[in-house]
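Visitor: Have a look at this one.
The values are calculated or read from the model by the stated rules, or taken from the named source; none is laboratory data. A quick note: this is a predicted structure, and the numbers were derived from the prediction, not measured. Ideal geometry is used to build each Cβ from the backbone, glycine not excepted, and the neighbour counts take in all protein chains shown. These accessible areas exclude ligands, DNA and RNA; they are computed on the full protein's heavy atoms, side chains included. Shrake-Rupley method; radii C 1.70, N 1.55, O 1.52, S 1.80 Å.
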Amino acid sequence: MKLLVFDVKSFFAHFRKHFSTTSSLSYSFPPRTTIAGMIAAILGYDRDSYYSIFSSDKCRIALQVKSPVRHITNTLNYLMTDKPLTLKKLMGAGGSMQVHVDTLVSGERELSQLSFRIFFNHEDEKLMNEVADRIRRHKFSYPPSLGTANNIASVEFVDVVDAEVYKPNDEVEVHTVIPISVIKKIYPQHERKIYIEDLVPADFSEDRKLRRKEDYVYEEKSKPIKVKVDCEVFSCTLNGDKVVGVFM
């Protein structure tokens, strides 16, 4: 299987939890649906037009959290922009609302960016080649962002690699986020901090209804997690290092 590998980086990110209300909580990494939306934006697809194109049946996506993530809370003043839109509303007179927003920043001590590595395969080879070509040349139809549009992100091409896909009989060390639904056993290891992210969207139907959601585990500093899984994994080599992953 061919895998397109690229990195997405930004100083800030926000991936709104679909069940949060006024105060916007954030997942700690981009859900599969967000990554599909980012690729659709790179290709210039219209909003809500791409859900079937990037469904799990046709497209396989894996994610590696490359840097520690820290959550901070900001307070934003939202303006009421419901119609009829007036100058008074745009100036915030009588229509502003304070909202708490959960924002992601790097968990490193020094100034650094959030970093996520994405592994992407699509059954349509032509589409996959176009995504690779656009990322390589930084030719994006819409600016990529990590979550909301104000968190502009840089996208860096890493490689297109041949990956072996197989179903392991024994435990494996996995570098990507792992759906809990496929885990049969986790093996505790020294200096590993394993986090859980629950109720993460994985697939939308054509009318933007949530079709599949997953709970995931991931390691804080991108160290591999030793697990026994009941699913296919992929194995590839990047810059001389072996990477094993599970699709989201």
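Visitor: Quick check on my filter: what residues within the range 65-91 are among the aliphatic types (A, V, I, L, M) and either open to solvent by less than 70 Å² (accessible area, probe 1.4 Å) or touching a residue at least 12 places away in the same chain (Cβ under 8 Å) (or both)?
Guide: VAL65, VAL69, ILE72, LEU76, LEU79, MET80
Visitor: Then there's this: Do you know which residues across the range 216-231 are open to solvent by 60 Å² or more (accessible area, probe 1.4 Å) and within 20 Å of the chain's Cα centre (by Cα)?
Guide: LYS221, LYS223, listed by residue number.
Visitor: Let me ask something else about it. Can LEU63 be described as under 20 Å from the mean Cα position of the chain (by Cα) and under 30 Å from PRO224 (Cβ atoms)?
Guide: In short, yes.
Visitor: Take ILE186 and decide whether it is surrounded by 12 or more Cβ atoms within 10 Å (Cβ to Cβ), within 16 Å of VAL229 (Cα to Cα), without any contact (Cβ under 8 Å) to a residue 40 or more places away in the chain and in contact with a strand residue (DSSP E or B) (Cβ under 9 Å, 6 or more places away or on another chain).
Guide: It is false that ILE186 is surrounded by 12 or more Cβ atoms within 10 Å (Cβ to Cβ), within 16 Å of VAL229 (Cα to Cα), without any contact (Cβ under 8 Å) to a residue 40 or more places away in the chain and in contact with a strand residue (DSSP E or B) (Cβ under 9 Å, 6 or more places away or on another chain).
Visitor: Only one of ALA36, ALA41, ALA62 is hydrophobic (A, V, I, L, M, F, W, C), open to solvent by less than 60 Å² (accessible area, probe 1.4 Å) and free of Cβ contacts under 8 Å to residues at least 60 places away in the same chain; which?
Guide: Of the residues listed, the single one that is hydrophobic (A, V, I, L, M, F, W, C), open to solvent by less than 60 Å² (accessible area, probe 1.4 Å) and free of Cβ contacts under 8 Å to residues at least 60 places away in the same chain is ALA36.
Visitor: Somewhere in the range 187-207, is a residue of a type in the set (S, T, N, Q) and under 18 Å from ALA62 (Cβ atoms)?
Guide: no
Visitor: Would you confirm whether or not the range 150-159 contains a residue that is open to solvent by 70 Å² or more (accessible area, probe 1.4 Å), acidic (Asp, Glu) and over 23 Å from ASN239 (Cα atoms)?
Guide: Among the residues of the range 150-159, not one is open to solvent by 70 Å² or more (accessible area, probe 1.4 Å), acidic (Asp, Glu) and over 23 Å from ASN239 (Cα atoms), which makes the answer no.
Visitor: Do we have any residue at all in the range 116-123 that's in a loop (DSSP other than H, G, I, E, B) and more than 16 Å from the chain's Cα centre (by Cα)?
Guide: Yes, some residue in the range 116-123 is in a loop (DSSP other than H, G, I, E, B) and more than 16 Å from the chain's Cα centre (by Cα).
Visitor: Looking at (1) out of contact with any Gly (no Cβ under 9 Å at 6 or more places or on another chain); (2) modelled with pLDDT under 90, can you tell me which one GLU219 breaks?
Guide: That leaves (2) as the condition not met.
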